[in-house]
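Rule-based calculations on the coordinates, nothing more; no lab input. Only a predicted model underlies this, so the values are computations on that prediction, with no experimental measurement involved. Neighbour counts run over all protein chains shown; Cβ positions are idealised from the backbone, glycine included.
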Amino acid sequence: MSAPFVLDCSVTMAWFFADEATPAVDGLLDRMSGGGRALVPRHWFLEVGNTLLMGERRKRCSEAEAANFLGILRALAIDVDPEAESQAASAAYGLARSHRLTLHDAAYLELAMRASLPLATLDTELRAAAKKAGVKCLPERI
């Protein structure tokens, strides 16, 4: 089993939308499918669901495709961090301010820092903040 990582919405959605996929991102999905684990803050579910809903509205996917993808995600070992909400008012908020991130993105960074795990993200601002904070990003190159 491979080491766990913090998973953000950008990587998750690149697994779904073919035009956002890369071999490195697909490798992270293979890692998860092969028994890997990921950790997410609670809001990850809302971000993923909202992105799928917007994809339906923009005709990037069908309702059935979105539902199928949600089923795939449910089958993966994705654990919800129980402390993300309590950390949002303090640590994540401070990270959002200091790195000029949204609070949603800062929550991923805070979780990666607190759990001492790499952060799987395609978001360039979040990757830059993670680098400044000494957090390894996955995939290593985007």
### Task
Show the residues, 5+ positions off or on another chain, whose built amide H is closer than 5 Å to the amide H of residue 138.
119, 120, 121
### Query
To the nearest 10 degrees, how steep is helix 124-133 against the longest Cα principal axis of the chain, on a 0 to 90 scale?
30 degrees
### Query
For the chain, what is the mean residue ellipticity at 222 nm derived from helices alone (per DSSP H run of n ≥ 4: -39500 (n - 2.57); sum divided by total residues; nearest 500 deg cm²/dmol)?
-16500 deg cm²/dmol
### Message
If neighbour count is taken as other Cβ atoms inside 10 Å, put 15, 44 in order from fewest to most.
### Response
15, 44
### Query
For the Cα atoms of the chain, what angle does the longest principal axis make with the long axis of helix 23-33, in degrees from 0 to 90, nearest 10?
90 degrees
### Task
Considering Cα pairs under 8 angstrom that are at least six residues apart, work out the relative contact order of segment 93-142 and quote it in whole percent.
31 percent
### Summary
Here segment 53-62 yields Karplus 3J(HN,Hα) values (6.51, -1.76, 1.60; θ = phi - 60°; whole Hz; Gly and Pro given as x) of 4, 5, x, 5, 4, 8, 6, 8, 7, 9
### Task
Could you go through segment 72-86 in sequence order and give the Karplus-derived ³J(HN,Hα) for each residue, using 6.51 cos²θ - 1.76 cosθ + 1.60 with θ = phi - 60°, rounded to whole Hz, and x for Gly and Pro?
4, 4, 4, 7, 8, 7, 10, 9, 8, 6, x, 9, 4, 5, 5
### Cut-off under 5 Å, modelled amide H: who pairs with residue 81 long-range
40, 42
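If you average the sequence gap of Cα pairs under 8 Å that are 6 or more apart and divide by the length of the chain, what percent do you get for the contact order? Walk me through the intermediate numbers first.
Values: 184 pairs, mean separation 42.1, N = 142.
The normalised contact order for the chain reaches 30 percent.
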